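See below for the structure under consideration.
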C-alpha cells in the first residue's frame, strides 16, 4: 500500500492476521497515514513499513501478536 491517507472514525487502522499453518507475507506500507480508534494488529504475518504514520485514540499503535514481524 502506498501514498494513502485515511481520516475519520475507523474502528482500527488495520488487521493483518494469518495462522501458524499459513502465515502472511508481502505486506508493504509506504507513505501511509491513518487515523483510527485503535492501531494496527498483526499476527502470523510479516509487514514492511516505510513512512507509516498511525494516530490512534486508544491502545498500542502496533500490536504485535504471536508470529508477527515488523520491519522499518
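The values are calculated or read from the model by the stated rules, or taken from the named source; none is laboratory data. Not measured: the values here are computed from a predicted model. For neighbour counting, all protein chains shown are included, and Cβ atoms are generated from backbone atoms with ideal geometry for every residue, glycine included.
When you look at residue 59, is it in contact with a strand residue (DSSP E or B) (Cβ under 7 Å, 6 or more places away or on another chain) and on the phi > 0 side of the Ramachandran plot, yes or no? For residue 59, the condition - in contact with a strand residue (DSSP E or B) (Cβ under 7 Å, 6 or more places away or on another chain) and on the phi > 0 side of the Ramachandran plot - is met. Whether any residue in the stretch 33-48 is in contact with a strand residue (DSSP E or B) (Cβ under 9 Å, 6 or more places away or on another chain) and at pLDDT below 95 is what I want to check. The answer is no; no qualifying residue exists.
Only residues that are in contact with a strand residue (DSSP E or B) (Cβ under 7 Å, 6 or more places away or on another chain) and not in a strand (DSSP E or B) were counted across the stretch 15-32, and they come to 2. Annotation note: Cβ proximity below 6 Å between a residue of the stretch 36-54 that is free of Cβ contacts under 8 Å to residues at least 24 places away in the same chain and a residue that is surrounded by fewer than 19 Cβ atoms within 10 Å (Cβ to Cβ) and in a loop (DSSP other than H, G, I, E, B) (sequence gap 6+ or interchain) occurs for 49/72.
Taking the condition on the phi < 0 side of the Ramachandran plot, out of contact with any helix residue (DSSP H, G or I) (no Cβ under 8 Å at 6 or more places or on another chain) and free of Cβ contacts under 8 Å to residues at least 24 places away in the same chain, does residue 11 pass? No, not satisfied.
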